[in-house]
Amino acid sequence: MTQRPLTARGDSGLREQRPFHARIPAFLYMLLCVLVALFPILWVVMSSFKSNAQILSSAVSLPTAYSFEGYRMALEVSPILRYFFNSVVITMLSTFLNVFLVSLAAYVFARTRFRGKNLLFSILALSMVIPMTALMQPVYQVITSLGLADSLPGLVLVYMALNMPLTLLIMRASFAGVPASLEEAAYIDGAGFMYTYFRVMLPLTKGGLASAAVMAFLNAWNEFTFALVLTKSAAVRTLPLSLSYFTSQFSFNYTALFAAITMAVLPSILIFAVFQEQVSQSLVIGAVKG
Amino acid sequence: MKRILSLLLAVVMVLGLGSALAEIKLDYPTFQVGVNTAAPVIAQLVEEFNALHAGQVVIQVEEIPGDANYIDKIKVLLNAKDLPPVIYGAGYNLLDLALASDLLVDLTPYVEADPEWQAMYNDKALEVNSRDGKIYGSSAEGNTIGYFYNKELFEQAGIAGPAKTWDEFFAQLDTLKAAGITPLSMDTADSAWVTSLWMGALIATSGEAGQAFMAQMMPDDYNTPEVIGALEKIQKMFQEYTTFDAVGGKYENAANAFLSGQTAMIANGPWMIGDFSDTTKAPEGFADKVGVAIYPEGFAYDEPIQGYLVTRQQDSAVEQAAVEMVKYFTGVHAQTVALEKQGMLPASTQVEITQTAKDNFPLLAEFVVALEGAVIRSATTQATMYPNLLDIMSAELPNLASGAMTPEQFAQALTEGAAKNK
Amino acid sequence: MQRRQAGWIALFLLPAVALFLTIYAIPLGITLYTSLFDYRLFPNRMVYVGLANFAQLFARDAQFHRALVNNLVWILLHTTLHIAIGAVLALILYKKPRGWKAVRVIYMIPSIISNAAVAMIFANIYNPSYGVINSLLKSVGLAGMQRNWLYDPATSFVSVTMIWTLFSGYNTTLILSQALSLDSSVLEAARVDGASRLQQDFLIVMPLVKHMLATTMIMAATYMLQMFDLIYLTTRGGPGVTTTNLPLMLYKTAMTENNYGYANAIGVVIIALGVLFMTLINKLLRTRED
């Protein structure tokens, strides 16, 4: 493959110069996707500036005044900042550990042969289809007996496990996509198993790693049930729980709720966007190397 | 040597004293946080209790925002036989569940040993909190409920005041409708609280059989003329007298319809009074337009709901402390705090309706007067029905409303749902 | 080499297997075992009944039949329509048209927002009195078409389906990451051969990302098999049973009817369906490594 310089035009190796009218359908499709995706977040942000009565009377109207009262109330009613910080720590840790540890197994499943491989993989993949309601009770008891109830490691462990099957699938597919010749070449050069994995295979699956990390991150970031069941103290509680503070059976504060959602979501979008940029950088470099 | 011995002795004494003084920690998970109207009440009681027992007992609050989340978590803890020392049974019948697994402390000896506590129990409170002659719970809330109406809209339609009979009530609905006013706020989602209040009122006032039905704990048979008769009227209310979004609507939608002056009536308890003067929810001056009434035929919901329960603990000192906490949280002082801060009418007749409460919530004073006219009283259907029926109400009411289901079929669906608890 | 690898293979598998054993093995065992019992909390009892729970489910429980059919239809739609929507965008972005990076991030936003918020947003889109759809219909003179979208038995199923069908960001991200890591010389060769744009997309790119496609399909199938919160937070399975699925029924049976044996029998059906779909998808796309 020819090397291309990493300039603005240079990385557009696949960009076709086609007549404008031929690009219209693709452009319209992109536009549609953008509109569909932007509507919910815009609606949430708009609502955080409306009064309860406005939110419940006119879904599409614009706010009449922009006051930050909802944000003030959200911060007052729920420990959202504290929970946000906990979420960042727990999500980052569990995502990193999950992707690092589970990729090992994914590699073995994708690239080696051993007896009972398919059976073992099928058993591990079963984790994906055990209903959440069935998990709740036993997981509470396991985590409690391990002495990890209401602790940060407890939640990290559970989130690592919850994302295990997904990471396994994504990374197995990524490793499977790497041409066998590269791996063989490494072995012929006398590289060991560990070296081949960390220095040859892992760098070639950056795209998969990044995708798996994104999935694991988002799943852990939004997880509610185990955060509720496994924690008691504000020191380990996570962001999704804070959103329940604004509606109760006979009372509600929608303005504060949407302010809270905005505060919860905007930083996550930012984290995600930065992360994606990192990912695509590494992809370009990876592709050049390949 | 002597000095060493005396030093050792001193150390032992300090350690011994230390362990005797070790604070007992009471984990208390509660959903009464955040925007829950009882949140300030619970916060104050916890603070007071902790100050009162400083160095001996400390309540550590675990905030579980959202009622449904609370129940989910308590069920997990219940299955794991790992319940916190004090739980709140309200509305979800945790008493029978916990008792079935033999996890509750019998409060009878404690209540009998304390005349003041014993006096807090009236017959109804005793009934909802006892099983087989043993007391397991202590109530704090009266759950006294009527309905609110918009005096301005009533005036516009030429209606003098709240109806005394159902015939008059339905005539008023027609009058309001003819004047271009949507008469009722109703809902179906989240167990259809507002709608089920009308339903219960209709059942309770349909004669002796209806009253008997409402007095039942966990009724099994909904195929009775009283229930079906009430459902017929509920169906009509959905089809003729309420907002378009009542079907599928949550309590929030129903409340907003009333608070924004769209509808003329909403059934709900006095804890809603505070919302009438909350300008993020209602227009300025709305509170002055609201009147309060008991239901037609002299009916009002007025029965304490299942209260605080103490669960079995390995350490009997923790159990003792938990009993103390429950006693404090359901005593005259606690109920007065709830009355004055939240507008919650007390469970016990021992609690005086104070002037402060009447000043804080002028409508409450009006409601207390109206209550004197109540000749039929009962618990809400939600407090007595099997908890799984709450979901069936939400799922099937849209069908009843649209006519896809007859009242008979709806009653049958509830009966079948009840049978699933056998 | 095989012999030397055995130790490494075991070591690499260890974390994933350990996660499975701590978090999933016990719930899996409990679910399978208690599905054979009449096991309740209130009244408290546990009696062995063999396959009676399954007989009841399949032979007599009309709610279960509806939940099963709904679940199957939703899985079918999710593994086809939902993925197609995301895959088409991935194929467009893969050519790196202007603004592709922004589109990729924006289209992911709805997946970053928690489902609790998404449910609330859609309740407002569908609200019959002031919702977005009815307001639009009214403004274009089609007031006659206004409906109570979520709670009219005729439209509730479609309305609920739309909540999760359009937001396909996960799939776009995954397929795009795989496509971008492809050797671009393949495409260039195809272009030289005069392959049309559509031919390039479907005959060359798609087969090369089939591992990832299979992964997204398995993810979509298991996601739908486990779908709970978006239904619970909107229609709660109603009106009647029109939008009930298996996890919702399992939850109600366990948490409100306290009937754990019967609930876990539903859990076993969910697990069995999961295994079935994973096998089918793997067979279909022949991604098994042997």
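Considering every alpha-carbon pair of the range A:79-252, the percent of pairs per 10 Å bin, from zero through the bin containing the longest distance, is 9, 32, 30, 18, 9, 2, 0, 0. Once C-alpha pairs closer than 8 Å and six or more residues apart are averaged by separation and normalised to the residue number of chain A, the relative contact order reads 31 percent.
For the range A:243-260, the Karplus equation 6.51 cos²θ - 1.76 cosθ + 1.60, evaluated at θ = phi - 60°, returns couplings of 6, 7, 6, 9, 10, 10, 3, 10, 8, 7, 9, 5, 4, 5, 4, 6, 5, 5 Hz by residue, with Gly and Pro reported as x. From the P(r) of the range A:113-198, could you give the percentage of C-alpha pairs in the tail past 23 Å? Of the Cα pairs, 46 percent sit more than 23 Å apart. Projecting the Cα atoms of C:A55, B:T195, C:W8 onto the dipole axis of the protein assembly as shown, where Lys and Arg carry +1 and Asp and Glu carry -1 at the beta carbon, places C:W8 farthest toward the positive end. When each of the peptides B:362-374, C:70-82 is scored by how many other beta carbons lie within 10 Å of its residues on average, the order from highest to lowest is C:70-82, B:362-374. Enumerate the lysines that B:K358 could reach by cross-link, defined here as Cα to Cα under 26 Å, with residues fewer than 8 away along the same chain left out. B:K358 reaches B:K124, B:K151, B:K164, B:K281, B:K289, B:K327, B:K341. Taking the Cα centre of each part, how many Å lie between the range C:101-169 and the range A:201-247? Using only Cα atoms to place each centre, the spacing works out to 25 Å. Compare the Cα positions of B:V318, B:A264, A:N253 along the charge dipole of the protein assembly as shown (+1 at Cβ of Lys, Arg; -1 at Cβ of Asp, Glu; about the Cα centre) and return the one farthest towards the positive end. Toward the positive end, the furthest listed residue is A:N253.
Rounded to the nearest 20 debye, the dipole magnitude of the range B:43-196 is 260 debye, with +1 charges on Lys and Arg beta carbons, -1 on Asp and Glu beta carbons, and the Cα centre as origin. Among the aspartates and glutamates, which have Cα under 14 Å from the Cα of C:K210 when same-chain residues fewer than 8 positions away are ignored? Within reach: C:D201, C:E289.
For the pair the range B:379-422 and the range B:118-132, the centres of their Cα atoms are 28 angstrom apart. Compactness ratio for chain C: Cα radius of gyration over 2.2 N^0.38 Å (N = residue count) comes to 1.22.
What is the mean projected area of the alpha carbon convex hull for the range C:209-249, to one decimal in square nanometres?
Average of the hull's projected areas for the range C:209-249 equals 3.1 nm².
Approximating the spin labels as points 7 Å out from Cα along Cα→Cβ, the A:I188-to-B:Q409 distance works out to 7.4 nm. With only the Cα atoms considered, chain B has a convex hull volume of 156 Å³ per residue. Computed over every Cα-Cα pair of chain A and binned at 10 Å starting from 0, the pair-distance distribution P(r) comes out as 5, 20, 25, 24, 17, 7, 1, 0 percent.
Loop-located GluC sites (Glu not before Pro) in the range B:239-330 (DSSP state not H, G, I, E or B) with no more than 11 neighbouring Cβ atoms inside 10 Å: B:E284. About its Cα centre, the dipole of chain A is roughly 480 debye, where the only charges are +1 on Lys and Arg Cβ and -1 on Asp and Glu Cβ. Applying 1/(1 + (r/R0)^6) with r as the Cβ-Cβ distance of B:D132 and A:L28 and R0 = 51 angstrom yields a FRET efficiency of 0.10. Using a cutoff of 8 angstrom between alpha carbon atoms and counting only pairs six or more residues apart, the relative contact order for the range C:219-290 works out to 24 percent. Computed over the range B:151-251, the P(r) curve from all C-alpha pair distances, binned at 10 Å from the origin, holds 15, 41, 34, 9, 1 percent per bin.
With Kirkwood's inverse mean 1/r over C-alpha pairs for Rh, give me the Rg to Rh ratio of the range C:82-145, two decimals please.
1.14
Phi angles of the range A:138-152 translate, via the Karplus equation with coefficients 6.51, -1.76, 1.60 and θ = phi - 60°, into HN-Hα couplings of x, 5, 4, 5, 4, 5, 5, 6, 7, x, 10, 5, 6, 9, 5 Hz per residue; Gly and Pro are given as x. Taking the square roots of 5 times each eigenvalue of the Cα gyration tensor of the range A:171-277, largest first, gives ellipsoid semi-axes of 44, 15, 10 Å. Spherically averaged projected area of the convex hull of Cα atoms, the range B:219-341: 12.3 nm².
Please compute the Kirkwood hydrodynamic radius of the range B:319-375 from all pairs of different C-alpha atoms, in Å with one decimal.
This gives a value of 12.2 Å.
Annotation for B:Q239 and A:H21: the two label points, set 7 Å from Cα along the Cα-Cβ direction, are 5.8 nm apart. Restriction of the trypsin sites (Lys or Arg not before Pro) in the range B:59-155 to DSSP coil positions whose beta-carbon has at most 14 other beta-carbons within 10 angstrom yields B:K81. For the range C:44-160, the fraction of alpha-carbon pairs lying more than 22 Å apart is 62 percent, rounded to a whole number. Between A:L35 and C:Y33, the FRET efficiency from the beta-carbon distance, with R0 = 56 Å, is close to 0.65.
Roughly what percent of Cα-Cα pairs across the range B:43-185 reach past 20 Å?
That tail contains 67 percent of the Cα-Cα pairs.
For chain B, the relative contact order works out to 25 percent when only alpha carbon pairs closer than 8 Å and six or more residues apart are counted. With the convex hull of the Cα atoms taken as the outline of the protein assembly as shown, the averaged projected area works out to 49.0 nm². In this Cβ point-charge picture (+1 for Lys and Arg, -1 for Asp and Glu), the protein assembly as shown has a dipole of about 5480 debye about its Cα centre.
Taken together, the values in this text are just the output of simple stated rules run on the coordinates, not laboratory data. These figures come from a predicted structure and were not determined experimentally. Neighbour counts are summed over all protein chains in view; Cβ atoms, including those assigned to glycine, are modelled from backbone coordinates with ideal geometry.
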